[in-house]
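Read through the structure below, which is laid out as structure tokens, and then see the notes.
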Amino acid sequence: MAQFFEVHPENPQPRFLKQAAQILQQGGVAAIPTDSSYALVCRLDDKDAAESLRRIRGVDDKHHLTLLCRDLSELASYARVDNKQYRLLKAATPGPFTFILEATKEVPRRLSHPSRRTIGLRVPCHKVTQELLALFGEPLLATTLIPPGESEPLNDTEAICARYDKLLQVVVDAGACAATPTTVIDMTEDEPVIVRVGGGDPASLGLVID
């Protein structure tokens, strides 16, 4: 049965987030709010937790998982970023953008794309997510909480608990999220490629949608 923590979206209670971080450190999988939707998260270097996260989400190893990072300096430890890429990342973070980048050796090979050695990374703009990342001390492996066979993320913690109570160890409730997916930008080629348009506006980064 999942531990349930109801927190204020702007001033989350530290004691609840500390408990959530501790459970994640021990190998738990959590549902947490972000600036785009609720997400499933776990420790980056916990193989069993990552496999559990994929099972709950219903995706295989070809599905890009995302690292939630606290800031750009943390992101740069897990992805190879040149000066041109860094300028675009700086303009877009924090915010509802996910960037597909070449993974560094800090990312376990089993978590990057099996044929491309890439990983999704983002810096969320949500007080609860940021506070949890600060307490956790490292990025969290994440995927949008979309039930298998469905297309929309769950945005209600009662529905999340009803469906996943026995599969999750933690649910952090900060009220409804935007329920809009992130804009995904592939930065592994010479020019950025918009893979999906979501909550982030590509035009704000000088990118044109084909």
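The values are calculated or read from the model by the stated rules, or taken from the named source; none is laboratory data. These numbers were taken from a predicted model, which means no experiment stands behind them. All Cβ positions, glycine included, derive from the backbone under ideal geometry; neighbour counts span all protein chains shown. Note: accessible area is taken over every heavy atom of the protein model, side chains too, but ligands, DNA and RNA are not part of it. Shrake-Rupley method; radii C 1.70, N 1.55, O 1.52, S 1.80 Å.
Restricting attention to the range 139-187, which residues are over 20 Å from residue 68 (Cβ atoms) and of a type in the set (S, T, N, Q)?
Of everything in the range 139-187, just one residue is over 20 Å from residue 68 (Cβ atoms) and of a type in the set (S, T, N, Q), namely 151.
Of all residues in the range 144-154, which are more than 17 Å from residue 175 (Cβ to Cβ) and open to solvent by 10 Å² or more (accessible area, probe 1.4 Å)? I'd like the intermediate steps shown before the answer.
Step one: of the range 144-154, the residues more than 17 Å from residue 175 (Cβ to Cβ) are 144, 146-152.
Within the range 144-154, 144, 146, 148, 149, 150, 151, 152 meet the criteria.
If you go through the range 73-80 one residue at a time, do you hit one that is hydrophobic (A, V, I, L, M, F, W, C), open to solvent by less than 40 Å² (accessible area, probe 1.4 Å) and at pLDDT 95 or above?
Narrowing the range 73-80 to residues hydrophobic (A, V, I, L, M, F, W, C): 75-76, 79.
Checking the rest, the ones that are also open to solvent by less than 40 Å² (accessible area, probe 1.4 Å) come to 75, 79.
Next, from what is left, pick out any that are at pLDDT 95 or above: none.
The answer is no, given that none of the residues of the range 73-80 is hydrophobic (A, V, I, L, M, F, W, C), open to solvent by less than 40 Å² (accessible area, probe 1.4 Å) and at pLDDT 95 or above.
Restricting the search to the range 117-138, which residues are at pLDDT below 95, under 18 Å from residue 43 (Cα atoms) and part of a loop (DSSP other than H, G, I, E, B)?
Within the range 117-138, 137, 138 qualify.
With respect to the numbered conditions (1) within 17 Å of residue 32 (Cβ to Cβ); (2) open to solvent by less than 40 Å² (accessible area, probe 1.4 Å); (3) not in a loop (DSSP other than H, G, I, E, B), which one is the sole condition not fulfilled by residue 184?
(1)
Might you let me know whether the range 155-175 holds any residue that is open to solvent by less than 60 Å² (accessible area, probe 1.4 Å), in contact with an Asp or Glu (Cβ under 7 Å, 6 or more places away or on another chain) and either assigned to a helix (DSSP H, G or I) or within 22 Å of residue 85 (Cβ to Cβ) (or both)? Walk me through how you get there before you give the answer.
So the first thing to find is which residues in the range 155-175 are open to solvent by less than 60 Å² (accessible area, probe 1.4 Å), and the list is 155, 157, 159-161, 164-165, 168, 170-175.
Subsequent filtering for residues that are in contact with an Asp or Glu (Cβ under 7 Å, 6 or more places away or on another chain) retains 157, 173.
Restricting the remaining residues to those that are either assigned to a helix (DSSP H, G or I) or within 22 Å of residue 85 (Cβ to Cβ) (or both) gives 157.
Scanning the range 155-175 turns up at least one residue that is open to solvent by less than 60 Å² (accessible area, probe 1.4 Å), in contact with an Asp or Glu (Cβ under 7 Å, 6 or more places away or on another chain) and either assigned to a helix (DSSP H, G or I) or within 22 Å of residue 85 (Cβ to Cβ) (or both).
Return the pair list, or none, for Cβ contacts closer than 7 Å from residues in the range 30-57 that are farther than 21 Å from residue 123 by Cβ to residues that are assigned to a strand (DSSP E or B), at least 6 apart or on different chains.
Pairs that qualify, where the first residue is farther than 21 Å from residue 123 by Cβ and the partner is assigned to a strand (DSSP E or B), are 49/42; 49/43; 56/40; 57/40; 57/143.
Return the residues of the range 8-44 that are open to solvent by less than 10 Å² (accessible area, probe 1.4 Å) and of a type in the set (Phe, Trp, Tyr); say none if nothing qualifies.
38
If a residue counts only when it is under 30 Å from residue 204 (Cβ atoms) and of a type outside the set (Val, Ile, Thr), which strands (runs of 3 or more DSSP E) contained entirely in the range 1-116 have at least 2 such residues? Don't jump to the end; show me each part of the working.
Values: elements: 3-6, 30-32, 39-43, 66-68, 97-102.
Of the strands (runs of 3 or more DSSP E) lying wholly inside the range 1-116, those with at least 2 residues that are under 30 Å from residue 204 (Cβ atoms) and of a type outside the set (Val, Ile, Thr) span 39-43, 66-68, 97-102.
Starting from the range 100-118, take each residue that is of a type in the set (Lys, Arg) and list its partners that are surrounded by fewer than 16 Cβ atoms within 10 Å (Cβ to Cβ) and outside any helix (DSSP H, G or I), counting only C-beta distances under 8 angstrom and pairs at least six apart or across chains.
As it stands, the answer is 109/117; 110/61, since those pairs meet every condition given.
Tell me yes or no: at least one residue of the range 89-97 is open to solvent by 30 Å² or more (accessible area, probe 1.4 Å), free of Cβ contacts under 8 Å to residues at least 24 places away in the same chain, more than 15 Å from the chain's Cα centre (by Cα) and more than 24 Å from residue 21 (Cα to Cα).
Within the range 89-97 (the criterion being open to solvent by 30 Å² or more (accessible area, probe 1.4 Å), free of Cβ contacts under 8 Å to residues at least 24 places away in the same chain, more than 15 Å from the chain's Cα centre (by Cα) and more than 24 Å from residue 21 (Cα to Cα)), the answer is yes, since at least one residue qualifies.
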